[in-house]
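All remarks here apply to the structure that follows.
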Amino acid sequence: MRTLNICNLKGGVGKTITAVNLAYILAHAHGKRVLVVDNDKQGNSSKFFGAYGYGHPGIEGIMTGERGAAEVVRHTAYEGLDIIPANMALLAANKAVLLDTARPQQTRIKNALAEIAGGYDFAIIDNAPDENMSVINALAAGDDVIIPVKVDKFTFDGVDEMLQCVKQVKENFNPRLAFRGCVITSFRNNEVNNQGAAYMGGMPKYRLMGTRIHWSMKVDESTFASLPIMRHSPRSWAARDYSRLAEEYLAMVDGVSDSDNGEGRG
């Protein structure tokens, strides 16, 4: 199982939309077995797939060590696509982990996912806009990182800090972690967006991906409908773009061994 982290310290950049649509496309269009891990106390991925609530354990149980991964996985309405849900209980779980110094704190998600890795081709982790303990755990469990970015005045603050976080986790806990690149979301063909894309493309540290996710009202509509964009509006620009993003990511990792740590890219 290959694990992809979708993360950025800035909110409103399309992390959840990117995570759920990549997951659906990998499962539906590419025939992969995919696990979504909702790692945000807001539970937006869980809500999207109809798995949100407090009657079923989720990622908080993994963090506290009270549940195994198999106990918290829930099936979605889509074949080959499961989810580990999240809710506000994750907030207390993160605090509990910080106080629990008797057991390793940074590898709980990694160890849990290892238990069920044989059942999936990919895990996609939708992370909170934070550097809390569950996000550190997710990066410590991951193979790859993609950072969605929305071009505006504050774009680079969140990206630069996230890159530093990825570097620290790579050095201290997970040498195989590979930063695959930034993907521009909500792209509009105007001067601001074109200048921002050109700037990022000229900075090797951002590893700007070739795919851009164009802004479309269909994306907002799809969240209210709780449908992947490929089902809600398959002919929209965003649907085509997310399909291209999935193909770009698969091309990046095709044939990459587990020992590849991403050195030498960019």
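What base-10 log of the normalised intensity I(q)/I(0) is obtained for the chain from the Debye formula, alpha carbons as equal point scatterers, at q = 0.08 Å⁻¹?
Ignoring solvent entirely, the Cα scatterers give -0.28.
Springs between alpha-carbon atoms under 10 Å, Gaussian network over the chain: tell me which of E248, E161, E66 tops the mean-square fluctuations.
E66
At 7 Å along the Cα-to-beta-carbon direction for both N189 and T107, put a label point, then send me their distance in nm to one decimal.
5.1
How large is ³J(HN,Hα), in whole Hz, for each residue of the stretch 180-190 in order, when computed from phi with the Karplus curve 6.51 cos²θ - 1.76 cosθ + 1.60 and θ = phi - 60°, using x for Gly and Pro?
8, x, 9, 10, 7, 10, 6, 6, 10, 7, 10
Please work out the average accessible area per residue across the stretch 1-70, using the 1.4 Å probe convention, and give it in Å². Don't skip to the answer; put the middle values down first.
Values: 2250 Å² over 70 residues.
Result: 32 Å² per residue.
How much of the accessible area of the stretch 19-161, probe 1.4 Å, is carbon plus sulfur, in whole percent?
Details: 2860 of 5610 Å².
That share works out to 51 percent.
Pick from E247, E115, E60 the residue whose mean-square fluctuation is largest in a GNM of the chain, springs joining Cα atoms under 10 Å.
Greatest mean-square fluctuation among the candidates belongs to E115.
Determine the shape class of the stretch 152-240: with a ≥ b ≥ c the square roots of the Cα gyration tensor eigenvalues, call it rounded for a/c under 1.5, and otherwise prolate if a/b is greater than b/c, oblate otherwise. Show your work: numbers first, answer last.
Working: a/c = 2.48, a/b = 1.52, b/c = 1.63.
Oblate, because a/c is 1.5 or more while a/b does not exceed b/c.
What spacing in nm lies between the two simple spin-label points modelled at A117 and E79, each 7 Å away from Cα in the Cβ direction?
Label-label distance for A117 and E79, simple model: 2.8 nm.
Given R₀ = 41 Å, what would the calculated FRET efficiency be for D220 paired with Q168, taking r from the Cβ atoms and rounding to 0.05?
Details: r = 35 Å, r/R0 = 0.85.
Rounded to the nearest 0.05, the efficiency is 0.75.
Considering only protein heavy atoms, what per residue accessible area in square angstrom results for the stretch 75-140 with a 1.4 angstrom probe?
Numbers: 2770 Å² over 66 residues.
Normalised by residue count, the accessible surface of the stretch 75-140 is 42 Å².
When DSSP beta bridges are limited to those with both residues in the stretch 7-144, what percentage is antiparallel, rounded to the nearest 5?
On the way: 2 of 12 bridges.
Given both bridge residues lie in the stretch 7-144, the antiparallel proportion sits at roughly 15 percent.
Compute the FRET efficiency between L98 and R176 as 1/(1 + (r/R0)^6), taking r as their Cβ-Cβ distance and R0 = 35 Å, and round to the nearest 0.05.
On the way: r = 25 Å, r/R0 = 0.73.
Computed FRET efficiency for L98 and R176 comes out at 0.85.
How far, in nm, would the chain grow between H56 and R235 when pulled straight, counting 0.36 nm per residue and subtracting the alpha carbon separation? Intermediate values should be presented prior to the final figure.
Values: separation 179, 0.36 × 179 = 64.44 nm, distance 3.59 nm.
Here the segment from H56 to R235 would lengthen by 60.9 nm.
Straight distance only, please: which lysines reach the Cα of K10 with their own Cα at less than 28 Å, same-chain residues fewer than 8 apart left out?
Filter leaves K41, K47, K95, K110, K150, K153, K167, K170, K205, K218.
The values are calculated or read from the model by the stated rules, or taken from the named source; none is laboratory data. Computed from a predicted structure; not experimentally measured. Positions of Cβ are backbone-derived with ideal geometry, glycine not excepted, and every protein chain shown enters the neighbour counts. For accessibility, only protein heavy atoms count, side chains too; no ligands or nucleic acids. Shrake-Rupley method; radii C 1.70, N 1.55, O 1.52, S 1.80 Å.
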